[in-house]
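Please read the structure below before turning to the comments.
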Amino acid sequence: MEATEQLMCQPSDSFNPLITTSFQVSCILVISHIFHLVLKPLGQPGPFAQLLAGVVLGPSLLSRIQRVKDFFIQASAAKYYQFFSFVCRMLFMFSIGLETDVPYLRRNIRVVSIVAGGGSILACLFGGPFFWLLIKVFNVTKERFAFYLLTLTVLANSASPIVIRMIAETKFDTADLGRMAIYSSLVNEMSCVTIVSTLKAFSSSGRFGGAILITLVTVAVIFVNKYLSYFFNKRNRNNRFVSNKEIFVIMFLLTCLALYAEWVGYTAIFCCFLVGLMFPREGKTARTLLHKLTYSVNTFILPVYFGYTGFQLDISNIFNKLTLALTVLMILVSAGTRIVGTLAACHYLMIPWNESVILSLLLCLKGNYDLILINTNPNPNMVWAADLHDFLLTVVVLNTLIIGPVAAILLNREESSAQYPTILEILNPESELRILACVYVPRHVSGHVSLISALGGCPTAPIKPYMVHLVELPKKRKSKLMYHQLEDGDQYSDEEEYGGNDVLEINDALDAFISETKILVHQSKIVASFLTINEDVCNGAEDLRVCIIFLPFHKHQRIDGKMENSMEEIRAINQKVLRHAPCSVGIFVDRGQTGFQQPHGSQCVQNIAILFFGGPDDREALACSKRILMHSKVNLTVIRFLHKTTASRSSNSWINDASQKDEEVIMAISNIGTENEIDNAFVETFYNRYVAQGRAGFVEKYVSSGQETVAVLREIADSYSLFIVGKGGRGTCPLTSGMSDWEECPELGLVGDLLASSELDISGSILVIQRHRHSEAEGGFLDD
């Protein structure tokens, strides 16, 4: 493999190439950081600044100075640059595979493939005539098939690392548009790698055998990693992370695979991506890999890789008229075919026009696999002509430098006007539900994973849960240990030490849940003062675009079943989050010993009651129940409280139309004036869709005062393991009149506070839901 051979100082070298390579890396990081500080206020992401830094440092500008050129561009330096690029590619492709959202990709593989293939197919159709033009201009007489594959790749390929970083830095990686762009570029690039490698394998018998061996070795490494992950997780049961030695074993296997693939004559990016994609997600091994790789890849490896891409550009090579015309023509053909083809695919999929334009521009970005082919010799005895090599490289780099800023501007404009569902009431029950569960101590985990288990019980209704560990920031903290004094596997980060042993217990509980349910929970941690931690929770919920936040109650159940006040600070935080949350909020009163248990793996069926009095919060609670009732281990009953003077409306008089859609409810809400009519329309639709089909129970209770409501609640107190009720929003409701006399926790509302109090002494858990308050959430944090 060329990238790993002859890494030594040649006699003609004025400086040690290792020194020049290291200094180049440092200069790229410094210059790109300066450019990023200047361009970030203009809405330009990091990859553009890093490419620009490479261009400035390279032969286009600074390296035109003879002394700078003699220092950076030497006979042996190219080998070091190539080897460093190889290591960077290996690590970031493995990291990309490790972070890939496999459930999303599996659900949307058809849509993503159509978007990825639309522009590529059209580019390939135009690639044929353009190929014949290039072979005439550059007089390509040998290896025409390899040159044809190279031309098609330059026209049709999308650089997934650049797309991923642009999407991540504009905070679109949690939006549907961003995820579609990410996985469309991944499918596009991996398809190009597979097709080109397959055609090369069949064109040579020797290469075909090498391709088979690479496939077998890759499969072997995947299986070995599965066993190693299980073994390392079990071995480090009492540690937060696995040790550095164990991570080295995994990296050693990955490096051996990548080196073998490159030695045989293929690129290793697909192998590394596949190993990361198939790596087990649960346990300490995956957590340690993500912890160690994510920061280094995003802040060091990718910036240097993008910078080196720009460093290769020599703008002086296109100053003659013919080359300049060909460069402009090829950029127009590449971008034009990609944009038109992607727009056509998006039109077929009925994707909005503004999102289609952004997708088409993002998929025009280049600078990964196409550069690998450009810098790879077609055979060991031949190299591409210098003018042809420089021409194709210029096309790739200039294409990204021109289209990248335009795509970034449109992304920023779209981000400012992007809307996402912040309430469950308008969310399609079969679309993805995004949840943020907050925990402070390990005992909060069991209740929240039980809710996640109940909400994720149906494969057709996907769920994407996040769990954040909230840790109070100590006032003073000093670390007296140097890096070399840390124990093996420890992290040199004060933040990693916050939380004490709670972190280990929370991780173990989540690992057990993920292993049992196969529901992947994304973990994070917020370390801040409890006076302002609510701001971090709300900002995190907005960045993650979640639909509901689950908060723990400030009391916990003792061994004797009584509730005890454990952390009064939690109550103040909950009240602030309720006022300013960018989405709906649920406060969970966990009575795990006698109340709600995790449905997955349970032998008994959990009985859940929805208490519906009316109002937006109760409708939100009823909307939440649509997800829960889909679980096979849940028996859900809706108990609607009505005033005795209300004319009885039996279920037999309701239209039993199971095909009625939720969109009709939204239209009804927009057309009906009074709150009662909105409630009736929502309950009626729920009845027709779920109760009439036997998927949920429905009971009506007629009361005339708060005392009668309390009496009914006492009757059903021991019949259910979980009560779900809205916080309030009912206005002056006679059904709850007088119940505020013993109110202790107003953040739970009248009914929720009564259920959580010792007055009823119920054994079930309680989930109190508040619908998103738009006006309050937009008011900021100034009044706190």
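The values are calculated or read from the model by the stated rules, or taken from the named source; none is laboratory data. Here the structure is a predicted model, which is why all the values come from computation and not from measurement. In this analysis, Cβ positions are derived from the backbone assuming ideal geometry, glycine residues included, and neighbour counts consider all displayed protein chains. Please note that ligands, DNA and RNA were not included when accessible areas were found on the heavy atoms of the full protein model with its side chains. Shrake-Rupley method; radii C 1.70, N 1.55, O 1.52, S 1.80 Å.
Looking only at segment 564-605, count how many residues are in a loop (DSSP other than H, G, I, E, B) and either open to solvent by 30 Å² or more (accessible area, probe 1.4 Å) or touching a residue at least 60 places away in the same chain (Cβ under 8 Å) (or both). Within segment 564-605, residues that are in a loop (DSSP other than H, G, I, E, B) and either open to solvent by 30 Å² or more (accessible area, probe 1.4 Å) or touching a residue at least 60 places away in the same chain (Cβ under 8 Å) (or both) number 20. Of all the listed residues (Asn225, Asn233), the sole one being touching a residue at least 60 places away in the same chain (Cβ under 8 Å) and surrounded by 13 or more Cβ atoms within 10 Å (Cβ to Cβ) is Asn233. Residues in segment 70-125 that are part of a helix (DSSP H, G or I) and among the polar types (S, T, N, Q) were compared, and the one that is farthest from Phe23 (Cα to Cα) is Ser113.
Restricted to segment 253-302, and to residues that are of a type in the set (Phe, Trp, Tyr) and more than 28 Å from Val196 (Cα to Cα), which residue is most open to solvent (accessible area, probe 1.4 Å)?
The residue in question is Tyr295.
Here is a yes/no grid of residues against (1) of a type outside the set (A, V, I, L, M, F, W, C); (2) closer than 30 Å to Gln24 by Cα; (3) outside any helix (DSSP H, G or I):
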residue	(1), (2), (3)
His291	yes, yes, no
Phe300	no, yes, no
Thr323	yes, yes, no
Ile331	no, yes, no
Thr337	yes, no, no
Val340	no, no, no
Glu355	yes, no, no
Ser360	yes, no, no
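Scan segment 379-426 for residues that are touching a helix residue (DSSP H, G or I) at 6+ places or on another chain (Cβ under 7 Å) and closer than 30 Å to Leu629 by Cβ and the total you get is 4.
Kindly check whether there is at least one residue in segment 403-413 that is open to solvent by 10 Å² or more (accessible area, probe 1.4 Å) and closer than 30 Å to Val521 by Cα. Looking through segment 403-413, at least one residue is open to solvent by 10 Å² or more (accessible area, probe 1.4 Å) and closer than 30 Å to Val521 by Cα.
Checking each residue in segment 396-437 for being among the acidic types (Asp, Glu) and in a strand (DSSP E or B) picks out no residue at all.
As a summary of the residue check, Pro45 satisfies the conditions (1) within 21 Å of the chain's Cα centre (by Cα); (2) within 30 Å of Trp263 (Cβ to Cβ) except for the one numbered (2).
Scanning segment 426-435 for residues that are open to solvent by 10 Å² or more (accessible area, probe 1.4 Å) and either modelled with pLDDT of 90 or more or of a type in the set (Asp, Glu) (or both) yields Glu430, Glu432, Arg434.
Residues of segment 529-560 that are hydrophobic (A, V, I, L, M, F, W, C) and either surrounded by fewer than 16 Cβ atoms within 10 Å (Cβ to Cβ) or without any contact (Cβ under 8 Å) to a residue 12 or more places away in the chain (or both): Leu531, Ile559. Summed over segment 19-67, the residues that are aliphatic (A, V, I, L, M), open to solvent by 20 Å² or more (accessible area, probe 1.4 Å) and closer than 15 Å to Met166 by Cα give a count of 3. Based on this model, can you work out whether Asn239 counts as surrounded by 16 or more Cβ atoms within 10 Å (Cβ to Cβ), not charged (D, E, K, R) and not in a helix (DSSP H, G or I)? It is true that Asn239 is surrounded by 16 or more Cβ atoms within 10 Å (Cβ to Cβ), not charged (D, E, K, R) and not in a helix (DSSP H, G or I). Residue check: Lys136 meets all listed conditions (1) buried (at least 16 other Cβ atoms within 10 Å of the Cβ); (2) out of contact with any Ser or Thr (no Cβ under 9 Å at 6 or more places or on another chain); (3) in a helix (DSSP H, G or I) but one, namely (1).
Each residue in segment 151-188 was checked for being of a type in the set (Ser, Thr, Tyr), outside any helix (DSSP H, G or I) and open to solvent by less than 10 Å² (accessible area, probe 1.4 Å), and 1 of them qualify. Criterion first (assigned to a loop (DSSP other than H, G, I, E, B) and in contact (Cβ under 8 Å) with a residue 24 or more places away in the chain) does Gly457 satisfy it? When the stated conditions are applied, Gly457 passes them. Within segment 44-56, residues that are touching a residue at least 40 places away in the same chain (Cβ under 8 Å) and in the same structural domain as Ile402 (by the TED database) have Cβ atoms under 7 Å from residues that are in a loop (DSSP other than H, G, I, E, B) and open to solvent by 20 Å² or more (accessible area, probe 1.4 Å) in these pairs: Val55/Leu61, counting only partners at least 6 apart in sequence or on another chain.
Filtering segment 87-115 to residues that are farther than 30 Å from Gln523 by Cα and buried (at least 22 other Cβ atoms within 10 Å of the Cβ) leaves only Val115.
Of the residues making up segment 751-766, just one is more than 20 Å from Asp617 (Cα to Cα) and either β-branched (Val, Ile, Thr) or not assigned by the TED database to the domain that holds Thr594 (or both), namely Ile762.
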